[in-house]
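Single-structure report; data block below.
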Amino acid sequence: AVIAGEVNAPDGKPFASGFVSIQGNGDRLAATLDADAKGRFRLGELPAGKWTIAINGDGRVLHQQEVELKAGEMKNVNVEIKPR
């Protein structure tokens, strides 16, 4: 399965100054990805199951959500960081 997405800052511009972490329940797999200059990220070859996606920047978690993947599925996750 694949998780891909796009992260935008509160002003609507691509968020590229932090990182995206994706972690499976239990000890399955965890990976950290840098979003590209357009705020996009992609992580493939994931096993089916529940995954937690966290958008991190400025030393804190800016957004977090859980997604469930089925075998062979591609899940798109688009996030707009809320102003604090």
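The values are calculated or read from the model by the stated rules, or taken from the named source; none is laboratory data. Quick caveat: nothing in here was measured; it's all calculated off a predicted structure. Cβ: placed from backbone, ideal geometry, glycine included. Neighbour counts: every protein chain shown. In case anyone asks, the SASA skips ligands and DNA or RNA and just uses the protein heavy atoms, side chains included. Shrake-Rupley method; radii C 1.70, N 1.55, O 1.52, S 1.80 Å.
Scanning the stretch 46-64 for residues that are at pLDDT below 90 and open to solvent by 70 Å² or more (accessible area, probe 1.4 Å) yields D58, G59. The number of residues in the stretch 1-44 being touching a residue at least 40 places away in the same chain (Cβ under 8 Å) and either of a type outside the set (V, I, T) or open to solvent by 70 Å² or more (accessible area, probe 1.4 Å) (or both) comes to 14.
Considering only the stretch 66-84, state which residues are open to solvent by 60 Å² or more (accessible area, probe 1.4 Å), over 14 Å from F15 (Cβ atoms) and assigned to a strand (DSSP E or B). The answer is E66, E68, M74, N76. Filtering A31, A16, A71 for residues that are small (G, A, S) and at pLDDT 90 or above leaves a single hit, A71.
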